[in-house]
Amino acid sequence: MPQVIDPLPSNDSDCLTCCYVNTTNKIQVARITNIPNWYFERVVFPGQRLMFESLREAQLEIHTGMMASAILSDTIPCYRLRLHQSVSASNHFLSEDQAANQAGVPEVSRVVKWPETAKVS
């Protein structure tokens, strides 16, 4: 279940469950700044998975840490980090782009899979 400290600013049913993985060897700060009346900022350690809920139009900014500073290194639309449950027996979760790829559409973003050791209930 995603950790939601700051609830989303609206009651829309259009919220997404998203996952971002820090594949670098540096500490990163993930931040969403384009949604009014909502504060979202989390530290993501190397190799860590960050699961969160967001609105479809949200943009996740990734700031990579350096000594006493951070550089904006990526901006990712949250809909590209959305998790889907596949219909396969393995109960993996797939990113929206990977699900589209299975339908014959070329894959254009990161692949996000649920860890195989996790249990889904």
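What follows draws every value from the coordinates through simple rules; no lab data is involved. Treat the numbers as computed from the prediction; the structure is a model and nothing was measured. Neighbour counts run over all protein chains shown; Cβ positions are idealised from the backbone, glycine included.
Counting other Cβ atoms within 10 Å as a rough exposure proxy, the listed residues CYS19, CYS78 run CYS19, CYS78 from fewest neighbours to most. In terms of overall dimensions, the C-alpha atoms belonging to segment 15-81 reach 34, 21, 15 Å along their principal axes, ordered largest to smallest. As a proxy for reagent exposure, ASP74, ASP14 were ordered by neighbouring Cβ count within 10 angstrom, fewest first; the result is ASP14, ASP74.
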